[in-house]
1. Which members of region 315-325 meet the condition of being crowded, with 20+ Cβ neighbours inside 10 Å and either within 10 Å of the chain's Cα centre (by Cα) or within 19 Å of residue 204 (Cα to Cα) (or both)?
2. Do we have residue 250 as part of a loop (DSSP other than H, G, I, E, B) and either within 20 Å of residue 334 (Cβ to Cβ) or in the same structural domain as residue 105 (by TED's automatic domain parsing) (or both) here?
3. Name the pairs: first residue in region 208-226 and in contact (Cβ under 8 Å) with a residue 60 or more places away in the chain, second residue crowded, with 19+ Cβ neighbours inside 10 Å and not in a helix (DSSP H, G or I), Cβ to Cβ under 6 Å, at least 6 apart or on different chains?
4. Suppose we keep only residues that are surrounded by fewer than 15 Cβ atoms within 10 Å (Cβ to Cβ) and touching a residue at least 40 places away in the same chain (Cβ under 8 Å) within region 188-201. Which one would you say is farthest from residue 344 (Cα to Cα)?
5. Report every pair of residues separated by at least 6 positions or lying on different chains whose Cβ atoms are under 8 Å apart, first residue within region 105-134 and hydroxyl-bearing (Ser, Thr, Tyr), second modelled with pLDDT of 70 or more and in a loop (DSSP other than H, G, I, E, B).
6. Please find, within region 284-305, the residue that is modelled with the highest pLDDT out of those that are over 16 Å from residue 249 (Cα atoms) and crowded, with 18+ Cβ neighbours inside 10 Å.
7. Any chance you could count how many residues in region 72-104 are surrounded by 15 or more Cβ atoms within 10 Å (Cβ to Cβ), over 20 Å from residue 222 (Cα atoms) and either at pLDDT 85 or above or of a type in the set (Asp, Glu) (or both)?
8. Yes or no: region 257-273 includes at least one residue that is among the hydroxyl-bearing types (Ser, Thr, Tyr), outside any helix (DSSP H, G or I) and either modelled with pLDDT under 80 or in the same structural domain as residue 283 (by TED's automatic domain parsing) (or both).
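The values are calculated or read from the model by the stated rules, or taken from the named source; none is laboratory data. This structure is a prediction, so every number in the text was calculated from the model and none was measured. We place every Cβ from the backbone using ideal geometry, glycine too, and count neighbours over all the protein chains shown.
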Amino acid sequence: MSEPREPPSASEAVDVVAVLLIAFAVIVFFYLIHVVLLPFVFSAVTAFVLSPLVDWLAKSLRAPRIAVAFAVLLVVLGLIGFGAYFAIPALVQDGYRAISHLQEIIQRPLENLLGKAPVRILGQPESASDIAAAAVAKLRTLLEQGGTVTALAAWAFGGVFGAFLMLTLLAYFLTSGGQVVRGLLRLFPPDWRPVTACILDSLRPILFRYFVGIATVIVYAGAAAYIGLGLFLGLRHAAFLAALTGLLEVLPVAGPALSAVTAGLVAVQEAKSAWSIVTYVIYASALRLSIDQLVGPAVLGNAARVHPTLVIFCFLTGGALFGIVGVILAVPFALTVKVALATIYKEPVGGQ
């Protein structure tokens, strides 16, 4: 029979209360400023994934780490510029084509669903062309409102500013990310810092594998979607649909379903026969099975797994509180709690 555990001393109780108050204050502070957190989170995650590469190159080349970090940053900027050079003109062309033929794009799937003859909706006869024309007119009225144009301009300016801010932050995190971590450790009482450092050491490879795994899934989903939608099915806007498929893989359940429905609507619109629709169903099923059963488990591993119900809860809660930042950090937060409890209770970190 184990001996009863002694109650915590007054100083330990004060430390616990202090840590809880600091954690609560940090969460409230982040909630109040969550709109501006996205560039910081994205650049920090990117620097976290690239830091092992920077460290390895600096050690192998026996070069100053800061010089290697800037070299890696230049390579990343080159890859982004190379991708933008080919992707942006195609996306602009597809966007212009979609805007020019918006009514047709809306009308054709409606005709496949409802037929060309008018149907009664709430007692009034409506045809697919009437519904499409009404939708386009409503959208035009919405865009003609002054507030909408101003909001779109503000979002465009914010996107450009955010992109430059993200690159600047990425340079700082790549060159001095260790100082940021050491500064965060100072938020904890001195007696807690060794345990906190141990938790961070155990958490680092798990989070690294998680973020690299998510990036691998995104790239695989986008590439496989482009091959299936563009090369085999021959759909227009295949590049846009493939990029959308990859990005939506970040969201559990809802993301893959939304990308499948979006691509499915395009496939139905351009279908020339029933076999085209059957081919799309086969493609969507094969893509989903390959991600869920092969690529996902292979790149994420057991240690980075969290029960699906907890993942969905974290995504919904994080998204409701912090927006897209909460969505990005939902699973890492759950993994942090999992590793912290396993370290404190001296249990295996890889357990579910």
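1. Of region 315-325, the ones crowded, with 20+ Cβ neighbours inside 10 Å are 315, 318, 322, 325.
325 - this is the single residue of region 315-325 that is crowded, with 20+ Cβ neighbours inside 10 Å and either within 10 Å of the chain's Cα centre (by Cα) or within 19 Å of residue 204 (Cα to Cα) (or both).
2. Values: part of a loop (DSSP other than H, G, I, E, B): yes; either within 20 Å of residue 334 (Cβ to Cβ) or in the same structural domain as residue 105 (by TED's automatic domain parsing) (or both): yes.
When the stated conditions are applied, residue 250 passes them.
3. 209/304; 210/304; 217/249; 221/249
4. Looking at the filtered set, the residue picked out is 191.
5. 127/116; 127/117; 127/118
6. Checked region 284-305; the qualifying residue modelled with the highest pLDDT is 304.
7. 2
8. Scanning region 257-273, I find at least one residue that is among the hydroxyl-bearing types (Ser, Thr, Tyr), outside any helix (DSSP H, G or I) and either modelled with pLDDT under 80 or in the same structural domain as residue 283 (by TED's automatic domain parsing) (or both), so the answer is yes.
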